[in-house]
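The values are calculated or read from the model by the stated rules, or taken from the named source; none is laboratory data. Small disclaimer: the values here were computed from a predicted structure and weren't measured. Here the Cβ is made from the backbone with ideal geometry for all residues, glycine too, and neighbour counts use every protein chain on show.
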Amino acid sequence: MPQNKLRRRSVRTLCLSVALILVGCATHKTEEKPAPRPMDVKSKIVAMMPTKVTDKQGWATDIYAAFAAQEIAPTTQNLCAVVAVTEQESTFQAEAPVAGLSKIAWAEIDRRADQLHIPQFLVHTALKINSPNGKSYSQRLDTVRTEKQLSAIFDDFIDMVPMGQKLFGNLNPVHTGGPMQVSIAFAEAHAKNYPYPVETSIRHEVFSRRGGMYFGIAHLLGYPANYPQPIYRFADFNAGWYASRNAAFQNAVSQASGIPLALDGDLINYGSKTAGKTELAVRVLGKRLDMSYSSIRRALEQGDRLDFEKTSLFKNVFALAEKATGKALPRQILPGITLESPKITRKLTTAWFAKRVDERFQRCISKASAG
């Protein structure tokens, strides 16, 4: 056989071999891992929980169901994030008792009465009426131990007693609940795809284990964020979606304008046309940004979405601030918010909360890695 023909055949053989290898590599790269089996995910969740948790299988079932219903990947990081927040908020108690809750409830009733100029003795007299369970509202308030019980008392009082309507209207003063202490208003706004039958109300579902975990997981993981570490998501869980990103934006506004701002993540006064401190500070940069007040407002209104980071306002404010400081600025900062609640008896902040949860998260990750 002529030498040149042999070389051509050798080259074709070599090319075919290389092609087969490349096809094999491409097939290997695009091969998708099979979805984890529900039983394996639940076993993983059980192993992550603190040793003293009771009914671990029940907790694992509700957590897995929430992940599946919301199509959130049950990765080790995501599962540990949920375990860490739940442990911090309730130590895995569906109805965690609150110290001094009776005193807190009476104080809230008296505060509302004072605001409406209703004598306290009239309110206290009305509360001596028997409630639907046979006990007076006063008796139930004196022995209340959990937020679920307190919410039910206020619901009954509002529905059954004229004084209740006058004091509270339809606004039950219990705003958070469940094992992850999720906002009831958040739950009501995100209940469209709730996978369980609602027997009475979404408020009541929040106080159940299944509902509390579903909405708590939605609040923690149900939105996209470009955070380099989970600690910023933990801060958002306490302060609101994108609070950490928005606090970093406020810091950039302050650096560019020279106006001190509270780094609380609140970019506008929602529900009001009046400009807040952050919006007013951004207006100072209006000419340098080549933006009108109305265009600034429209951009700031996107502060509760990921796309805010794509706006010219976000990009150009950081450009001005980094030019002024001569250094790169962070795109996320733990918000500087002091936590305020009758349940809190010492000075705590969002940063404290995020760091405490992150400590639990890191322990969970280490435990999962060791297992």
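Test Val123 against the criterion of being surrounded by 14 or more Cβ atoms within 10 Å (Cβ to Cβ), under 21 Å from the mean Cα position of the chain (by Cα) and either assigned to a helix (DSSP H, G or I) or among the basic types (Lys, Arg) (or both), and give yes or no.
Working: surrounded by 14 or more Cβ atoms within 10 Å (Cβ to Cβ): yes; under 21 Å from the mean Cα position of the chain (by Cα): no; either assigned to a helix (DSSP H, G or I) or among the basic types (Lys, Arg) (or both): yes.
Criteria not met by Val123.
For Leu101, the criteria (1) farther than 30 Å from Val41 by Cβ; (2) surrounded by fewer than 15 Cβ atoms within 10 Å (Cβ to Cβ); (3) among the aliphatic types (A, V, I, L, M) hold in every case but one, which is (2). Give the residues of the range 64-89 that are on the phi < 0 side of the Ramachandran plot and surrounded by fewer than 18 Cβ atoms within 10 Å (Cβ to Cβ), sorted by residue number. If the condition is that a residue be on the phi < 0 side of the Ramachandran plot and surrounded by fewer than 18 Cβ atoms within 10 Å (Cβ to Cβ), then Ala68, Ala69, Gln70, Ile72, Ala73, Thr75, Thr76, Gln77, Asn78 are the ones that fit. Restricting Lys192, Lys128 to residues that are in a loop (DSSP other than H, G, I, E, B), over 30 Å from Val53 (Cα atoms) and either of a type in the set (Gly, Ala, Ser) or not assigned by TED's automatic domain parsing to the domain that holds Thr61 (or both) narrows the list to Lys128.
The residues of the range 275-304 that are in a loop (DSSP other than H, G, I, E, B) and either within 16 Å of Phe318 (Cα to Cα) or within 27 Å of the chain's Cα centre (by Cα) (or both), listed by number, are Ala275, Gly276, Leu285, Asp290, Met291, Glu301, Gln302, Gly303, Asp304.
Could we say that Ala252 is buried (at least 20 other Cβ atoms within 10 Å of the Cβ), farther than 16 Å from Leu306 by Cβ, assigned by TED's automatic domain parsing to the domain that holds Asn316 and small (Gly, Ala, Ser) here? Yes; evaluated as a whole, the condition is true for this residue. What residue, among those in the range 255-274 that are without any contact (Cβ under 8 Å) to a residue 40 or more places away in the chain, crowded, with 17+ Cβ neighbours inside 10 Å and part of a loop (DSSP other than H, G, I, E, B), is farthest from the chain's Cα centre (by Cα)? By that ranking, first place goes to Leu261. Of the residues screened, Lys347 is not one that is touching a Cys at 6+ places or on another chain (Cβ under 9 Å) and either modelled with pLDDT under 95 or on the phi > 0 side of the Ramachandran plot (or both). Evaluate the following for Arg245: is it more than 24 Å from Ala96 (Cβ to Cβ) and in contact (Cβ under 8 Å) with a residue 40 or more places away in the chain? Yes; evaluated as a whole, the condition is true for this residue. Checking the structure you have, find out if any residue of the range 165-188 is part of a helix (DSSP H, G or I), closer than 18 Å to Leu101 by Cβ, at pLDDT below 95 and assigned by TED's automatic domain parsing to the domain that holds Tyr137. Yes: one or more hits. Being in contact with a helix residue (DSSP H, G or I) (Cβ under 7 Å, 6 or more places away or on another chain) and not small (Gly, Ala, Ser) holds for only one residue in Gln120, Gln93, Gln149, Gln139, and it is Gln120.
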